[in-house]
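Please read the structure below before turning to the comments.
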Amino acid sequence: MDHRFVSALEMALGWDGPSRLGTTFTRGTITDLDLLDRLLNPNKLLDLVMRRSVSTPQFRLFQGGSELHPSRYVNASVTRRGQAIPMADMRRVGGLLLEGCTMVLDEVDFFDPTMEATCRALQWWAHELVQVNAYLTTQDAGGFKLHWDDHDVLIVQLSGQKSWEVRGPSRKSPMYRDSTPNAEPSEETVWQGTMRPGDVMHIPRGFWHQATREDQGEGYSLHATFGIVKRAGVNWLTWLADQSRAKECFRRDLDRWGATGQWEQQQMRLAEAVAAMALELPPQGFLDAREHERPAARHIPSTGLFGEPSAVVCVTDFEPVIQQREGVVHVLAAGKRITFDDKARPALNHLLSGRPVDIAETAARTGVDVEGLAGILLKEELCTELTPELSSAYTGLVTNGGS
């Protein structure tokens, strides 16, 4: 999937792919400000909050360094049948923004199709799961205190400006669930300065950082944080433990009451079996299986009740794997392995490209029954019908995408 944001990100950071994710702190600038406005702006963010049921911890407001109680900005909208639905009180939200506060909306990709498609493009690029959070800070409000994240982040300043301090890690490769707490900040300052529209920075996992507008005065800042959770060795071991259930020796009860010699024999048998599994199922196998077995992404099911689809788009969390062998084509995605005739390969390349695909146009171009292939991919949930709302997420952002 050729996405404008991914290309602009690589150019800004001087990267030629995702291999430098999580390695070093990096800064750069995206010069295409229209692209950033296309992704998200303050008015669009407030509109998302206004039109949807929101509640903590996904939607939060902070003031004076503390999180405000939801009762100050969320009301229960009561229907005529007495059902209470949490909704943002936009008058109160507006008043707090005028005073100066930070508004946080986690998982913007859950609400907005443009951000959903952008995160999917980043997932295909990085081969890791991605979510995006938005932070709107107004006036001279402070931000979060010095902290570190248990995942790599790509921070994009969308509009306004904000001051940042980034420090190095104080513990190598810290984790959310760790053997030792990582509570003492590093004294090493990596970068300190102001982020302005278009500025981008990559903060690896474990790097301490904080942001504020206390020195900026009136105005606002809007930035998006793309969180990228890379897999570590402990995740591979967890996966190996799950795979071990297929082997009888790991399903047997541990012998608590045997003699010492029997304990040692039991330990040696299990240790040898673990070593054999580690060689049989290497980390790369775990990473591949994780992508291939990832369930279908959230989408609107195509039922045919409202007419046959004229266009579709692939919505798997990771790019499908297409294997061509002995006259057939295998597609691996969403926990499925689907086999097609070799003649379908040209059309499958289009349908599974991550770009919106017009069925009739692709059929004319490839000479293949694209409608039939699309029907299979829709049924197997690798693709979804391109509705006008979903189409808008790709227009102007994905190569060959269109409304």
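Read-outs: derived from the displayed coordinates by stated rules, not from any lab. Computed from a predicted model, the values in this text were never measured in an experiment. Because the Cβ atoms are built from the backbone with ideal geometry, glycine has one as well, and the counts that use them run over all protein chains shown.
Here are the numbers for the structure shown:
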item	result
Number of the exception - residue 118 against (1) crowded, with 21+ Cβ neighbours inside 10 Å; (2) more than 13 Å from the chain's Cα centre (by Cα); (3) within 30 Å of residue 299 (Cα to Cα)	(2)
Number of positions in region 251-290 that are surrounded by 13 or more Cβ atoms within 10 Å (Cβ to Cβ) and among the small types (Gly, Ala, Ser)	4
Condition check for residue 183: small (Gly, Ala, Ser) and surrounded by 14 or more Cβ atoms within 10 Å (Cβ to Cβ)	no
Helices (runs of 4 or more DSSP H) wholly inside region 1-99 containing at least 1 residues that are out of contact with any Lys or Arg (no Cβ under 9 Å at 6 or more places or on another chain), touching a residue at least 40 places away in the same chain (Cβ under 8 Å) and closer than 25 Å to residue 140 by Cα	33-39, 42-50, 90-99
Filtered residues of region 373-385 (kept if within 19 Å of residue 124 (Cα to Cα) and buried (at least 21 other Cβ atoms within 10 Å of the Cβ))	377, 382, 383, 384
The lone exception for residue 131 - which of (1) under 21 Å from residue 153 (Cβ atoms); (2) of a type in the set (S, T, N, Q); (3) buried (at least 21 other Cβ atoms within 10 Å of the Cβ) it fails	(3)
Per-region count, region 215-248, residues in contact with an Asp or Glu (Cβ under 8 Å, 6 or more places away or on another chain) and in a strand (DSSP E or B)	3
Residue that is surrounded by the fewest Cβ atoms within 10 Å (Cβ to Cβ), among those in region 323-372 that are within 20 Å of residue 121 (Cα to Cα) and free of Cβ contacts under 8 Å to residues at least 40 places away in the same chain	349
Complete set of residues in region 154-210 that are over 23 Å from the mean Cα position of the chain (by Cα) and of a type in the set (S, T, N, Q)	161, 163, 170, 179, 180, 182, 186, 189, 192, 194
Filter result for residue 381 (outside any loop (DSSP other than H, G, I, E, B), touching a residue at least 40 places away in the same chain (Cβ under 8 Å) and out of contact with any strand residue (DSSP E or B) (no Cβ under 8 Å at 6 or more places or on another chain))	no
